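The values are calculated or read from the model by the stated rules, or taken from the named source; none is laboratory data. Everything numeric in this text was worked out from a predicted model, so none of it was measured. Positions of Cβ are generated from backbone atoms using ideal geometry, with glycine treated the same way; all protein chains shown enter the neighbour counts. These accessible areas exclude ligands, DNA and RNA; they are computed on the full protein's heavy atoms, side chains included. Shrake-Rupley method; radii C 1.70, N 1.55, O 1.52, S 1.80 Å.
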Amino acid sequence: MTAQAFELLRGKFRERATVHVGALEQALATGDRHTITSIAHKLHGSGSSFGFPEITGYAEPLEAAAEDGAAGEVLRSLAEPLLAELKRIAQAV
Amino acid sequence: MTRILYIDDEDDIREIAELSLEMDAEFDVRLCASGQEALAVAPHWKPALILLDVMMPQMDGPATLATLREHEELRSTPVVFITARTQAAEREALLALGAIGLIGKPFDPMTLAATVRDYLP
């Protein structure tokens, strides 16, 4: 894979970060555990592949907590650094 | 050329997987976005190896594997699960379904092709 191709993919990941922020914030506000789990799982499984290991690192505990039925305030707390990193990545576009 | 079928519902993962796998010039890569799509493609395309995401909507990885095995031409096709599941018990359960191996998500795009090559006979 060329460096250029990889950067193009990273750019697409950055572009989608805003979408993930919106969807995750909405899911946290409404207590939509299924969507929280789905988003966290997706980011856990992809962040590092696109050169964003922090995304993977923040998403993993959120996914685990959501699956374990953690309370909303716990999920919001775990989601904070993930949301912050997604916003940071999105602003870099 | 060695045919590799990659099945994953997430389009960005499919994109990076395709680029990663094509780093091996001998790989002919085809992508499917679902188990259902794979069932339409695989019996005719006859991949040498199938990379199969575990968590997919409608038809998950294990269900896809079981249905693929109903096709005589795919009964012996090696399947490697792609999963973000890290618990040993979960991984053992996936292997017990008949996959020859597991590749963890997130995968390293720079080494995915070599990892897959190691699974080929």
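The set of residues from the range A:24-48 being away from chain B (no Cβ under 14 Å) and small (Gly, Ala, Ser) comprises A:27, A:29, A:31.
The rows are residues; the columns are (1) open to solvent by less than 10 Å² (accessible area, probe 1.4 Å); (2) touching a Pro at 6+ places or on another chain (Cβ under 9 Å).
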position: B:53; (1), (2): yes, no
position: B:68; (1), (2): yes, yes
position: B:73; (1), (2): no, yes
position: B:76; (1), (2): no, no
position: B:80; (1), (2): yes, no
position: B:87; (1), (2): no, no
position: B:96; (1), (2): no, no
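Is it true that some residue in the range A:1-19 is more than 13 Å from every other protein chain (Cβ to nearest Cβ), part of a helix (DSSP H, G or I), surrounded by 17 or more Cβ atoms within 10 Å (Cβ to Cβ) and in contact (Cβ under 8 Å) with a residue 12 or more places away in the chain? Working first, answer last.
Initial filter on the range A:1-19 (more than 13 Å from every other protein chain (Cβ to nearest Cβ)): A:18.
Of the ones still in play, those that are also part of a helix (DSSP H, G or I) are A:18.
Cutting the leftovers down to surrounded by 17 or more Cβ atoms within 10 Å (Cβ to Cβ) gives us none.
Checked the range A:1-19: no residue is more than 13 Å from every other protein chain (Cβ to nearest Cβ), part of a helix (DSSP H, G or I), surrounded by 17 or more Cβ atoms within 10 Å (Cβ to Cβ) and in contact (Cβ under 8 Å) with a residue 12 or more places away in the chain.
The requirement of being more than 14 Å from chain A (Cβ to nearest Cβ), under 28 Å from residue A:14 (Cα atoms) and in contact with a strand residue (DSSP E or B) (Cβ under 9 Å, 6 or more places away or on another chain) is not satisfied by residue B:74. Selection over the range A:59-86 of residues that are within 14 Å of chain B (Cβ to nearest Cβ), assigned to a helix (DSSP H, G or I) and farther than 17 Å from residue A:22 by Cβ gives a count of 6. In the set (1) within 14 Å of chain B (Cβ to nearest Cβ); (2) buried (at least 18 other Cβ atoms within 10 Å of the Cβ), the condition left unmet by residue A:51 is number (2).
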